[in-house]
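Chemist: Below is a structure I'd like to ask you about.
The numbers here are math on the coordinates, done by the rules we state, and not lab data. What you see is a predicted model, and the numbers here were worked out from it, not measured in a lab. Methodologically, a virtual Cβ is constructed for each residue, glycine included, from the backbone with ideal geometry; neighbour enumeration extends over all protein chains shown.
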Amino acid sequence: MTSKSSQSLNIPKITDSVAVVIPTLNEEQGIEVTINSIPKEVSNLPVFIYVIDGGSTDKTIEITKKTGVTTFHQTTRGKGAAILEFIGQIEPEIIVLIDGDSTYEGKELQKLVGPILEEKADMVVSTRFEKMESGAMSSFNKFGNWIFRTILGTYGIKIEDMLSGYRSFRKSKFLELALGNVSFEIETYLTSEAIRHRWKILEIPLPYYKRKGKTKLNPIRDGWLILRAIVTMLIRLKPVPFFSSISILLLLLSIYPTALVTYEKFVFGEIEHQPSVVLAAFLIIMAVQFFFFGVMMHLQLSSMD
Ligand SMILES: Nc1nc2c(ncn2[C@@H]2O[C@H](COP(=O)(O)OP(=O)(O)OP(=O)(O)O)[C@@H](O)[C@H]2O)c(=O)[nH]1
Ligand SMILES: [Mg+2]
């Protein structure tokens, strides 16, 4: 059976169990393999599979119904919105997210669930880069991932694979997070909120395969959304270092006009490039403003903790 109500009627208490949540949008080629790869039980807990569909027009729904997994129909748009819309209605306490394109190793579920049950981690993330099948990720996406990792690393946030779609956590802890309105970039906001709430994040390298079917990811549009989410993340998590780097950049830009007008003043007695005075003053004032903005943000955020 596949409706929400029948699921809760048939299974009276499933909080002590594991939910594998699969967001799908036209995944007829990968969904069955994904579902079949998921074990029926881990750590003696039953595993329930929930598909949240974003309006597939291919055979995805037909296949999920045939395999008998609970299928929700999203009323919003985007993978992140799909998860946020239904996660509160999913009964099991342990949640595992996995994509429906058969890129992740469903049969490794134990590795994601075990550390949560043993309280060794609040979130377990399967990282993709170490055991990636050749051709599973485009060079452009690899480069994007490297940029994001480097930006975060510069600010002391060591996350190997922030964008992995295969991860586990407790539902009760997830519901405490302020995730707001996310469309696709749920992984970034989830990571950011998890760090802000001081979750223990455990990253484990697991295989990552070439997707079946067509990607829903638009590298430019989604790359931009992810970058925006990263900037939001840095403002929230590292306000002083983040705004100080803008200050330093502005101070560096001010060196040339400042040096020019100072040189003219001392060597020729008057300043020929008057606009440079305005530019130098503007850049220096902005640099100071950004620095204090970061400090104020830090004070504001620490008073909210
Ligand atoms: N419910 C729902 N699922 C979505 C939506 N968009 C994408 N998905 C699913 O989210 C999962 C991840 O999407 P992908 O297109 O594989 O994105 P990706 O894994 O980052 O990109 P690839 O590298 O191409 O695999 C897949 O199972 C998609 O079917 C949506 O709007 N709603
Ligand atoms: Mg994928």
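Chemist: To two decimal places, what compactness ratio does the range 191-267 give when its Cα radius of gyration is scaled by 2.2 N^0.38 Å?
Modeler: Scaled against compact globular proteins, the figure is 1.87.
Chemist: Where does the chain land on Rg/Rh, using Cα atoms and the Kirkwood Rh? Write down the numbers at each step before the final one.
Modeler: Details: Rg = 24.1 Å, Rh = 21.6 Å.
For the chain, the value is 1.12.
Chemist: Determine which aspartates and glutamates satisfy two conditions relative to K65: a Cα distance under 19 Å, and not lying fewer than 8 residues away in the same chain.
Modeler: E27, E28, E32, D53, D99, D101
Chemist: May I ask you to order 17-25, 259-267 by the average number of other C-beta atoms within 10 Å around their residues, highest value first?
Modeler: 17-25, 259-267
Chemist: Another question about this same structure. Roughly how tilted is helix 239-268, in degrees to the nearest 10 and between 0 and 90, from the longest Cα axis of the chain?
Modeler: Rounded to the nearest ten degrees, it is 20.
Chemist: A further question follows. Kirkwood hydrodynamic radius, computed over distinct alpha-carbon pairs, for the range 68-192: how many Å, to one decimal?
Modeler: Details: mean 1/r = 0.0631 Å⁻¹.
One decimal place: 15.8 Å for the Kirkwood radius.
Chemist: Another question, then. Please list, or write none, the lysines whose alpha carbon is within less than 24 Å of the alpha carbon of K131, excluding same-chain residues fewer than 8 places away.
Modeler: Partners within reach: K107, K111, K120, K142, K158, K200, K210, K212, K214, K216.
Chemist: So what is the diffusion coefficient of the range 142-300 in µm² per second by Stokes-Einstein at 37 °C and 0.692 mPa s, using a Kirkwood Rh over Cα pairs?
Modeler: In µm²/s, the coefficient rounds to 174.
Chemist: Could you please state, rounded to a whole Å, how far the C-alpha centre of the range 241-268 is from the C-alpha centre of the range 37-90?
Modeler: Centre-to-centre distance over Cα atoms comes out at 56 Å.
Chemist: Determine the dipole magnitude for the range 6-136: charges of +1 sit on the beta-carbon of Lys and Arg, -1 on that of Asp and Glu, nothing else is charged, the reference point is the Cα centre, and the result goes in debye to the nearest 20.
Modeler: About 140 debye.
Chemist: Treating only the Cβ atoms of Lys and Arg (+1) and Asp and Glu (-1) as charged, compute the dipole magnitude of the chain about its Cα centre; round to the nearest 20 debye.
Modeler: The dipole magnitude comes to about 260 debye.
Chemist: If N is the number of residues in the range 239-304, what value comes out of its Cα radius of gyration divided by 2.2 N^0.38 Å?
Modeler: That works out to 1.43 for the range 239-304.
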